[in-house]
Amino acid sequence: MPPKSALKSRLTPSKPSPPSAPLPPFKLAPSALAPFTTTLPRGPVYLTHLDPRPAPFKRNLFLVPCALNLAVIGLFVWRVWYILPYYLLLLESLLGTENETTLRAVEMEYGELVRAVVRRAATFALDFLLGVFVWPWPYEFIFGGRSGRGSPLGWRWVVGFRQREVYVRRSREGWDRALRGGKDGKGEVDLFDAQSGQAREARETVLGKVRAGTAPQLIQAKTGYLMQDGDWDLDWQAMVDATWLVDKKEVAVEAFTNVMLLHHERFGWVTVELGHGPQAEQETRRMQVLAFREALGAIGKEDLFFRWVEMIQVETTQPGGFTEERQVAAAQKIRDMFKSNGVDFDELWRETVGTDGLAGMPS
């Protein structure tokens, strides 16, 4: 008869091991974006894209909120100048000094007293609404909101107006609570737990919001400045950081084309295949090649990238087409070329891109 401990271990179901990689369609974020992801807080989900609209158009568009906020500031300056003496008189009357704002109810007609009370209540209500609901507009425009992630004016002051601009959106707190333990936000949920229904719901939430926020018709119809909605806020500080990295040539501007980023405790920063239309695979390939070029440049071997591209162009233009046999032979030539320069092609590609080959192409 087997020991009780052995029998118990056979009867007790083993706990499934956690996945070794993010579940599809999620994947590890390209290392080309590492300088950018180190600047981001880890809680929200992020979307990045490029706005190629002309700089004069963006300048004219930005003048509209500038004019609106200047008008609001002017209104507040006038209102303070106009109403401050009145409130000072009210304060004096409250402290016992009689003046024209003092009301003697026993000496006033009922209708006159009601009109005076209603007039003062309306004045208080108007100033309360202006202070609570209208004043935050110029304040957030100039100094930023509660997130502490910069302001529109600060972003434009640093970045200016460019032909191609990087826009970064951050998930509004609410729906992204699904990543931190469901609707009530309590506890933790492993987004890539294949056995958990709660994790599956969280993944569906993320994918649904991300695909709605990156729909080609939305990005083509709106300039980046107008893409705030109930699910996404513009992250002004992230846009400043991204532009700064582009200017320093630490990250290529193309690396920010239609990217989703979120942080997972086990895998680090991950992204997702957005899969919008027939050009999605081509865009993925472009991003993979770009990431590989960035990796070669980081180790001082960028010349290998151009030699690699040239070799592929030569092989693909040979008579008879780029057959499977020629693909194998070309791959070996490429590996040999990289190896002779002290670079392991396959290892560097996997570390940089996270796959074994170009999207939609044989490894």
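The values are calculated or read from the model by the stated rules, or taken from the named source; none is laboratory data. All values derive from a computational prediction rather than experimental measurement. Cβ: placed from backbone, ideal geometry, glycine included. Neighbour counts: every protein chain shown.
In table form, for the structure just shown:
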read-out: Selection status of residue 134, more than 30 Å from residue 83 (Cα to Cα), surrounded by fewer than 16 Cβ atoms within 10 Å (Cβ to Cβ), touching a residue at least 12 places away in the same chain (Cβ under 8 Å) and outside the structural domain of residue 238 (by TED's automatic domain parsing); value: no
read-out: Residue that is farthest from residue 135 (Cα to Cα), among those in segment 87-120 that are surrounded by 13 or more Cβ atoms within 10 Å (Cβ to Cβ) and within 48 Å of the chain's Cα centre (by Cα); value: 120
read-out: Residue among 308, 349 that alone is touching a Gly at 6+ places or on another chain (Cβ under 9 Å) and either at pLDDT 85 or above or buried (at least 16 other Cβ atoms within 10 Å of the Cβ) (or both); value: 349
read-out: Any hit, segment 210-230, residues being within 22 Å of residue 28 (Cβ to Cβ), in contact (Cβ under 8 Å) with a residue 12 or more places away in the chain and either touching a helix residue (DSSP H, G or I) at 6+ places or on another chain (Cβ under 6 Å) or hydroxyl-bearing (Ser, Thr, Tyr) (or both); value: yes
read-out: Test: residue in segment 157-176 that is assigned to a helix (DSSP H, G or I), touching a residue at least 24 places away in the same chain (Cβ under 8 Å) and more than 28 Å from residue 251 (Cα to Cα); value: yes
read-out: Strands (runs of 3 or more DSSP E) contained in segment 225-278 and holding at least 2 residues in contact with a Phe, Trp or Tyr (Cβ under 6 Å, 6 or more places away or on another chain); value: 259-264, 268-272
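Here is a yes/no grid of residues against (1) out of contact with any Gly (no Cβ under 8 Å at 6 or more places or on another chain); (2) over 25 Å from residue 291 (Cα atoms):
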| site | (1), (2) |
| --- | --- |
| 210 | yes, no |
| 214 | yes, no |
| 217 | yes, yes |
| 225 | yes, yes |
| 240 | no, no |
| 248 | yes, no |
| 251 | yes, no |
